[in-house]
Amino acid sequence: MEQKKKHNGFASGFGFILAAAGSAIGLGNLWSFPYKTSANGGAAFVILYVLCVLIIGVVTMVAELYIGKRAAANPITAYKKANKNLGWIGIFAIIIPLFIICYYSVLGGYTVKYSMNSFSGNAGIMTTFVGNIGEVILYTAIFMILAVIVVMAGIKGGIEKACKVLMPALFFILVALAVYSLCLGEGVSEGLNFYLNPDFSKIGFNEILAAMSQAFFSLSLGMGIMVSYGSYADKKINVGKSISMICIFDTLVALLAGLIIFPAVYHYKAVNADAAINLGGILLMFETLPYVFADMGAIGQIVSFFFFLMVAIAALTSVISLLEVVTQFVIQKFKIARKRAIVFVAIITFAVSIPIGISLGLVLNGNNSMLICGENWLDFFDKVTNTVLMPLGALGACVAIGWFLDKPKTFKQAVNPMQLHRALVEDGLQLGWFGKIFAVMVKYVTPLLILIVEVFGVKELLFTAQGFNLNGLGIVLTAYGLCIVCVIVYFIFFKNSQTGTNQDELKIAEKVEAVEEERKK
Ligand code: PFF
């Protein structure tokens, strides 16, 4: 009994991998990746994407996971433990997820609605559904409650257990649907051609940027997810192997998603395939695909149900991870029970998700009366977090590990990656043959590449084909303003106070358990 109580993290290494893969695999894989690939040079984009995963993704993920693992604490404490002057980076790792939960849950709600409604037919319902605010709020709430139930049960009893069932289910549905789609016959090769035909002439700087930022989002980097999950991972897990598996799963799922979507769209010519696909993201998933499913006849209802169930599962396991980071911090900093912490976080994010749902519904119905900086609220939140803040979070993780973990005595030591390599091995980061490469990458290459993503992402917001974009400026200023507020909040409230650890959380849980047992008597 005593033995069991000492550990409040993942029970097994594989449980950790499934949970982290659950965070990574989400809407980014199932819809962004396929349409971005088709629009940006097919297989040429895939090659680029894989390179980004290898060069930036893996390195940043190792850095984040290791920061969490060595500290066994929430991101703010974890960054403080990496270097006492860096705790402020951790606050980004909590604020960014808070924002993402708000809009991701609205889309999660859509997927729940579409899977449940599959047997009544989803074709043509998009504008009426998204415009029906009551219904959108209801489904957002259902989606969030599902995520809250899982997070409430803790890491081992909630997240790990849920992911052990949900992730295999997701893989199974994915493979089954891909096989089905690839066996449709006519139109399949046309679809594959549209999706993967390599067009290297399309690859330019913008496509490289697109691949890099897709890799960040898809791997859940630049926020506290991997720091937080890493903090709950068993000390004995093999960091390198775990991360390779997470990245392989994530990329595989993204590739397979396209193999379901494009052959089916081209086989059932219910819609003008090229035009429909080029609409991208939301419309491809919630408008085009339902017509394709409707064309499949009776079996289409089943295919539709499983398809949207799969997307809902993917979104759910991602939101669970986002909720967990914030909840972990609230529990540990404010010393409150998990149940209270998650309810508090859920209420705040749900409240913000309401105007997001309303704004998106209006825009999809052609009504532009509720915009911020020229964008519907969802895109506004998405740009603030993904374009501006996420690269900063990732940069923070790499710089913390690459430059501030070790305490070199001379300048020569400070700039020498092999010195960092030795320091990391001493600190406990065993990466085998990859160790030396990692040291060079995390110190020089990856931060530089991330900086490029940040600078050009911002530039793209500020300058469009029409010239300087005031709306883009609004987005950029909001994001950087938020950074400044976060840092001020950190220095006023968190810098000199205890921000808690997983051990504190364990003690709180034990106290709650004791009180509950007392009450039962
Ligand atoms: N990785 C998820 C996806 O591909 O949809 C989205 C996501 C989840 C991003 C969690 C960030 C995050 F922290």
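The values are calculated or read from the model by the stated rules, or taken from the named source; none is laboratory data. Every value quoted in this text rests on a predicted model; they were computed, and no experiment measured them. Neighbour counts are summed over all protein chains in view; Cβ atoms, including those assigned to glycine, are modelled from backbone coordinates with ideal geometry.
In this structure, Leu392 does satisfy being touching an Asp or Glu at 6+ places or on another chain (Cβ under 7 Å), within 15 Å of the ligand (Cβ to nearest atom) and within 18 Å of Ser228 (Cα to Cα).
Residues are listed down the side, and each one gets a yes or a no for (1) closer than 26 Å to Phe381 by Cβ; (2) surrounded by 12 or more Cβ atoms within 10 Å (Cβ to Cβ):
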{"position": "Lys443", "(1), (2)": "no, yes"}
{"position": "Leu451", "(1), (2)": "yes, yes"}
{"position": "Lys459", "(1), (2)": "yes, yes"}
{"position": "Tyr480", "(1), (2)": "yes, yes"}
{"position": "Leu506", "(1), (2)": "no, yes"}
{"position": "Val515", "(1), (2)": "no, no"}
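List the number of the failed condition for Leu448; all other conditions in (1) of a type outside the set (Ser, Thr, Tyr); (2) within 16 Å of Val62 (Cα to Cα); (3) under 25 Å from the mean Cα position of the chain (by Cα) hold. Unmet condition: (2). Within the stretch 16-32, residues that are farther than 10 Å from Tyr229 by Cβ have Cβ atoms under 9 Å from residues that are more than 6 Å from the ligand (Cβ to nearest atom) and of a type in the set (Asp, Glu) in these pairs: Leu18/Glu160; Ala21/Asp250; Ala24/Asp250; Ile25/Asp250; Gly28/Asp250; Asn29/Asp250, counting only partners at least 6 apart in sequence or on another chain.
As for the stretch 202-221, it holds at least one residue that is part of a loop (DSSP other than H, G, I, E, B), within 16 Å of the ligand (Cβ to nearest atom), buried (at least 19 other Cβ atoms within 10 Å of the Cβ) and on the phi < 0 side of the Ramachandran plot.
Give, as residue ranges, the helices (runs of 4 or more DSSP H) completely inside the stretch 438-521 that count at least 2 residues that are among the small types (Gly, Ala, Ser) and out of contact with any helix residue (DSSP H, G or I) (no Cβ under 8 Å at 6 or more places or on another chain). Let's see the steps before the verdict.
Values: elements: 446-462, 470-489, 502-520.
Result: 470-489.
Checked against (1) in contact with a Pro (Cβ under 8 Å, 6 or more places away or on another chain); (2) under 28 Å from Ile145 (Cα atoms); (3) crowded, with 24+ Cβ neighbours inside 10 Å, Val311 meets all criteria but (1).
For beta carbons closer than 7 Å, sequence separation of 6+ or different chains, a first residue in the stretch 242-256 that is within 13 Å of the ligand (Cβ to nearest atom) and a second that is not hydroxyl-bearing (Ser, Thr, Tyr) and not in a helix (DSSP H, G or I), the qualifying pairs are Cys247/Leu219; Phe249/Ile25; Asp250/Ile25; Asp250/Leu219; Val253/Ile25. The set of residues in the stretch 364-397 that are over 25 Å from Leu219 (Cα atoms) and either within 16 Å of the chain's Cα centre (by Cα) or small (Gly, Ala, Ser) (or both) comprises Gly366, Ser369, Gly374. The number of residues in the stretch 400-437 that are buried (at least 20 other Cβ atoms within 10 Å of the Cβ) and in a helix (DSSP H, G or I) comes to 6. Look through the stretch 303-337, keep the residues that are more than 11 Å from Leu170 (Cβ to Cβ) and small (Gly, Ala, Ser), and return whichever of them is nearest to the chain's Cα centre (by Cα). Top of the filtered list is Ser318. Figure legend. Inter-residue proximity from the stretch 197-226: first residues under 16 Å from Leu51 (Cα atoms) and hydrophobic (A, V, I, L, M, F, W, C), second residues more than 8 Å from the ligand (Cβ to nearest atom) and part of a loop (DSSP other than H, G, I, E, B), beta-carbon distance below 8 Å, spacing 6+ or different chains. Indicated pairs: Phe200/Gly41; Ile203/Asn40; Ile203/Gly41; Ala210/Asn40; Ala211/Asn40.
Table: residues versus (1) more than 16 Å from the ligand (Cβ to nearest atom); (2) closer than 30 Å to Thr499 by Cα; (3) modelled with pLDDT of 95 or more.
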position: Tyr35; (1), (2), (3): no, no, no
position: Asn40; (1), (2), (3): yes, no, no
position: Val58; (1), (2), (3): no, yes, yes
position: Ile101; (1), (2), (3): no, yes, yes
position: Val106; (1), (2), (3): no, no, yes
position: Ser115; (1), (2), (3): yes, no, yes
position: Ile133; (1), (2), (3): yes, no, yes
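If you check Ala73 against the conditions, is it outside any helix (DSSP H, G or I) and modelled with pLDDT of 95 or more? In short, yes.
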